[in-house]
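The values are calculated or read from the model by the stated rules, or taken from the named source; none is laboratory data. Keep in mind the model is a prediction, meaning the values are calculated, not measured. Cβ atoms come from the backbone with ideal geometry, glycine included; neighbour counts cover every protein chain shown. The area values use the complete protein model at the heavy-atom level, side chains included, leaving out ligands, DNA and RNA. Shrake-Rupley method; radii C 1.70, N 1.55, O 1.52, S 1.80 Å.
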Amino acid sequence: MIKAAVVGVTGFGGTHYNDLIREYEAGRVQPVAAVVINPEEAAAKVAKLQEIGCDILPDFDTLIAKYAGKLDICCIPTGIALHKPMSIAAVEAGFNVFVEKPVAATVAEVNEMTAAAKKNGKFIAVGFQNMYQSETLRIKEILLSGMIGKPQSFKCYAMWPRHFGYYNRNQWAGRILGGNGEAILDSPFTNALAHDLNLQLFYAGKTMDEMADVVSVQSVLMRANDIESCDTASIKCITSDGCELLFNVTHAANCLSHPLHIIKCEDGELHTNRAFSMCKVFDKEGNLLEEVPFDTEPRRNIWTAMSDRINGKKSFICTPEMAGIHTLVSNAAFDSAPVINFPEDLVSTVTFDETGVERRVVRGIEKILRRTFDEDRLFNEDDFSFVLPGKIIDLKQYNGFQNIQGYGK
């Protein structure tokens, strides 16, 4: 069986814990070690891991020192700022790595991770779980096949409300820079809805293993919450072959609307809606050509792909090189525009549900977000008088986050 370790079992580490238990029970993975810095909080999980022979360790340095050369893979579901140093330490210790999305905060960090993995002959798989789903690969096949002609534009919108606890759950949520000035760049498009921006970039790639060749990025970033980063974002990318990618999302809506993707091609359209777990392909007359149901087991698919790689088989994984395009676009989005505060007269605090949890909501954001999506455009002064378009970032001359806006000063 594959020998695995995990760094943390609470927070999103709980998802990795569940992965390991599932894979152990399937006879594919042996959890060898787990870093647990809060054993009292995770007592039940610690007990279960110990029961199946997993070593509980107090910190990451102990894991590296004790198990260097003895593990097949290390799972790293930690804060964004730790992705690079932990992934590099792990591959240098002889482990393959499964790191959560985003792969890293900045392009420079992604490049360091890529170089370290190649130097040590190990892979780093990135936890953009939708990339491993069967419908994602089928959608890409359809786009590459020419079934509905050459793609012309890609757009997505979503409204995922987030309450105060979401931004108070750790030290880095809602932050652009950490306490030491390190880049974090947390946002809807690098965290909760990062999967969907990454999918756009994947769909726009010219081969099954390529992401979009983005040449420019422009953004509008806004916030209703008392955070450093944005909770509402509008991003436009242009590719080298003239395709436009539009991504308009918010955490400050009063209702939930799952990500909707529409891909317009010369001879038809492709629509995916996470709410209905379905992709539909139409010709130019609107006739339904194909329905692609969503896969229900993305986490299992990730482990199947990684297991195949470890066992010497060919398999598709989302590499740092691929995920790094998402980081490139995200970096440029932050450099394109400052984060603008919604005026207080547009914002209210509402009770989330029967639990009494509170969240911030922007009046009318739902209609405005949908309108910008339907009109294929960024937010502008017709939506909010205070909105100014961000600077267009030319990626030909761009090497990653430069803090052009002076965040943290």
Longest exposed-site-free window of the chain, the sites being GluC sites (Glu not before Pro) in a DSSP loop that have at most 13 other C-beta atoms within 10 Å: 42-265
Please give the calculated 222 nm ellipticity per residue for the chain, where each DSSP H segment of at least 4 residues contributes -39500 (n - 2.57) and the sum is spread over every residue; nearest 500 deg cm²/dmol? -9000 deg cm²/dmol
By accessible area with a 1.4 Å probe, ligands and nucleic acids excluded, highest first: order of Asp345, Asp19: Asp345, Asp19
Ignoring ligands, DNA and RNA, what percent of the accessible area of the chain is carbon or sulfur (1.4 Å)? 49
Listed by chain and number, the residues whose amide H is under 5 Å from that of Gln30, excluding neighbours fewer than 5 places away on the same chain and using placed H, are Ile2, Lys3, Ala4
Scoring the chain by relative contact order with C-alpha pairs under 8 Å, at least six apart, yields a percentage of 17
Please list, ordered by chain and number, the residues whose modelled amide H lies under 5 Å from the amide H of Phe294; skip anything fewer than 5 residues away on the same chain. Met278, Cys279
Obtain the nm distance between the two label points defined at Ile37 and Met208 by a simple spin-label model: each point lies 7 Å from its Cα along the Cα-to-C-beta direction. 4.0
Expected output is a single nm value to one decimal: the length gained when fully extending between Ile52 and Arg274, i.e. 0.36 nm times separation in residues minus the C-alpha distance. What is it? 76.3 nm
Nearest-10 value in Å² for the accessible area of Lys150, using the 1.4 Å probe: 100
Each label sits 7 Å from Cα toward the beta-carbon; between Met1 and Ala68 the label points are separated, in nm, by 2.7
Cα→Cβ-extended label distance, 7 Å offset, between Gln402 and Met147, nm: 4.2
Enumerate the calculated ³J(HN,Hα) couplings along the stretch 394-409 in order (Karplus 6.51 cos²θ - 1.76 cosθ + 1.60, θ = phi - 60°), each rounded to whole Hz, writing x wherever the residue is Gly or Pro. 7, 6, 5, 10, 10, 10, x, 3, 10, 6, 4, 7, x, 4, x, 7
Of the listed pairs Lys84/Lys314; Lys236/Lys314; Lys119/Lys140; Lys122/Lys236, those with alpha carbons more than 28 Å apart are Lys236/Lys314; Lys119/Lys140; Lys122/Lys236
Pull up the cross-link candidates among the aspartates and glutamates for Lys101, meaning alpha carbon to alpha carbon under 19 Å and not fewer than 8 places away within one chain. Asp19, Glu109, Glu112, Glu182, Asp186, Asp196, Asp209, Glu210, Asp231, Glu297, Glu321
